[in-house]
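Nothing in this text is a laboratory measurement; each read-out follows from the coordinates by a stated rule. Quick caveat, the model's predicted, so the values are computed rather than measured. Cβ placement follows ideal geometry from the backbone for every residue including glycine, while neighbour counts extend to all protein chains displayed.
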């Protein structure tokens with residue numbers, strides 16, 4: 001009768017532990033890949049929002065009336081033309097912005113483009129606040145969006161001064 005070595009089957013246990021560790025590593029990589037894809041999508045939306053806000057600011061700066069015979073008339077014309085660009089100037093949070101839409105076509109086209117490019121963006125998710133000459137012609141542009149997985153809207157705000 002031969003006796004079995006005391007370590008019989010130990011290699012099988014080592015192999016099972018190694019397979020378990022390997023499987024956990026693979027599952028971790030799969031989860032990390034999903035997170036990377038989600039982060040990349042969020043970065044794309046932030047880039048799009050930044051690009052749209054910059055385009056709106058540029059369009060406003062190009063469209064302002066700076067004409068007038070005197071400095072006072074130029075300042076007054078600038079303030080009046082800037083005021084026409086206000087879009088949903090009331091309210092504090094995305095989705096609760098209130099007020100009228102902006103009148104000038106190119107700026108309104110860019111605001112509407114935000115709704116087409118960004119998920120969950122609607123008419124009350126975009127805001128352009130104008131503070132006249134007393135605030136150095138401050139223009140604040142807020143672009144908001146909300147993906148299906150978000151509980152709260154995300155926002156990108158650009159503040160610029162039009163001279």
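Rounded to the nearest 10 degrees, the angle from helix 105-117 to the longest Cα principal axis of the chain is 10 degrees. One chain, two ends: residue 74 and residue 8. Fully extended at 0.36 nm per residue, the span grows by 14.3 nm beyond their Cα-Cα distance. Stretched out straight at 0.36 nm per residue, the stretch from residue 15 to residue 67 would grow longer than its current Cα-Cα span by 10.5 nm. The residue 152 and residue 122 beta-carbon pair, evaluated with R₀ = 22 Å, returns a calculated FRET efficiency of approximately 0.90. For the chain, the longest principal axis of the alpha carbon atoms and the long axis of helix 10-63 meet at an angle near 10°.
Model label sites at residue 109 and residue 96, defined 7 Å from Cα along the beta-carbon direction, differ in position by 3.4 nm. For region 120-163 versus region 13-73, the inter-centroid distance based on Cα atoms is 17 Å. Entry note, the chain: the mean residue ellipticity at 222 nm calculated from DSSP H runs of n ≥ 4, each adding -39500 (n - 2.57), is -17500 deg cm²/dmol after division by the residues and rounding to the nearest 500. Match the structure shown to one of the listed values [x] 28.3, 118; [y] 17.3, 63; [z] 16.5, 59 of Rg and Dmax of the Cα atoms in Å, computed from it, and give that label. Answer label, from the structure shown: [x]. Between helix 71-83 and the chain there is an angle of about 50 degrees, using the helix long axis and the longest principal axis of the Cα atoms.
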